[in-house]
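To keep things clear, I will list the structure first and then write my remarks on it.
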Amino acid sequence: MEACSFWPAFQEAIADQVEKIHLVHPQRVKAIASAKLKNDRVDSATLAHLLRCDLLPEAWLADRETRERRQQVRLRISLGQHRAALKNQVHDQVGQHIARQDARLKAMAREDARGKWLATIPGIGVYSAMILLAEIGQVRRFSDAKALCSYAGLVPWVRESAGHKSHGGISRCGSPRLRWVMVEAAHTALRCSPAARQYFDRLRQRKHAHVARVALARKLLTAAFALLRDGACFDETIFAAV
């Protein structure tokens, strides 16, 4: 099944009737996306063929705890976006919803040591830490920090053909919420962290400010990976030295 918005409900409905569930990355199934004839029968046959050949691009099946956390965090993000769009009309009502949702997220953070570790990173508070936990899920599913940054779409895209390699801006693939919260964290870290400011200024000497800021966001996400992997708090001196 495709990684769409209703896949968790579909998984619950069929889990006891199938041996194994494969979650398919829809953007990477080029054989289906480029087919001239598209219907459920053709798509199913193509997916079965790709699975048989071990060429099926699969997405991660998030566990129930991660899905529930994502639901709470994404509701909070949606409410914040809704408040910004309708500020003059329903500011008070949405503000109350946000306050209640913030209280829920703070309660969740108090029960999770990982949230406390993440909240020590410059630019990351309780709200941002819960977004990170919700979007990352199980950190061990990423082989290294680079894989996590790729998931956040914070790495440059690379195209290679006939021996020629070209690089561009960030890929913007993966989790837009994770990418957004890390860029926001970079803005804040520039004001409150000497090490982050030093790293940014060093890059700023040869790169555009926006590029340097995105690079800082990627470096902060690398730090988040290390904290979640090692179970530690942020260390300004280590961040400055790396």
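Just so you know, all these numbers are worked out from the coordinates, no wet-lab data involved. The shown structure was predicted, so the numbers you read here are calculated from the model rather than taken from an experiment.
List of remarks:
- The mean of 1/r over all pairs of different alpha-carbon atoms in the chain, once inverted, gives a Kirkwood hydrodynamic radius of 20.3 Å.
- Here segment 1-139 is described by how far its Cα atoms reach on the three principal axes: 51, 38, 32 Å, from widest to narrowest.
- Convex hull volume of the Cα atoms of segment 139-241, normalised per residue: 121 Å³.
- Nonlocal amide H pairs with Ala152, under 5 Å, H built at 1.01 Å: Ser175
- Full extension of the chain segment joining Ala45 with Gln11 gains 10.2 nm, where the gain is 0.36 nm per residue of separation less the Cα-Cα distance.
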